[in-house]
Amino acid sequence: MNGSESQTSSSLSERELQIVELVAAGLTNQEIAEKLEISKRTVDNHISNILTKTATGNRVALVRWALQWGKVCIDEVNCCTLPLPNSAIDSNSPQPS
């Protein structure tokens, strides 16, 4: 991973990340617009900006990028889960007598 890739992954706005999640969920631009209560033209502009920022040429490549960078989670695939604290594990473990 080079420096420009890491800058790209963090340069998306919160709204753009929200749109990436909806694209990954399979929504069309019109459906995204309706869900976010914005115009389809605004979604089109966001998608165009996202594709430029991520250097992806289409929605499929964008979803692959999002999965690779951990920006989306689909059916618990590619999701990061934090390990349980030791206290939570210990409280469920049998205690020595």
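General remarks:
- Test: residue in region 40-54 that is at pLDDT below 90, loosely packed, with under 11 Cβ neighbours inside 10 Å, out of contact with any His (no Cβ under 8 Å at 6 or more places or on another chain) and not basic (Lys, Arg): no
- Considered as a group, the residues in region 55-97 that are modelled with pLDDT of 80 or more and part of a loop (DSSP other than H, G, I, E, B) include one that is surrounded by the most Cβ atoms within 10 Å (Cβ to Cβ), and that residue is Val72.
- Looking across region 44-62, the residues that are in contact with a Ser or Thr (Cβ under 9 Å, 6 or more places away or on another chain) and among the hydrophobic types (A, V, I, L, M, F, W, C) come down to Ile50, Ala55, Ala61, Leu62.
- Within region 23-39, the presence of a residue that is in contact (Cβ under 8 Å) with a residue 24 or more places away in the chain and on the phi > 0 side of the Ramachandran plot is excluded.
The values are calculated or read from the model by the stated rules, or taken from the named source; none is laboratory data. Since we're looking at a predicted model, the values are computed, not measured. Neighbour counts are summed over all protein chains in view; Cβ atoms, including those assigned to glycine, are modelled from backbone coordinates with ideal geometry.
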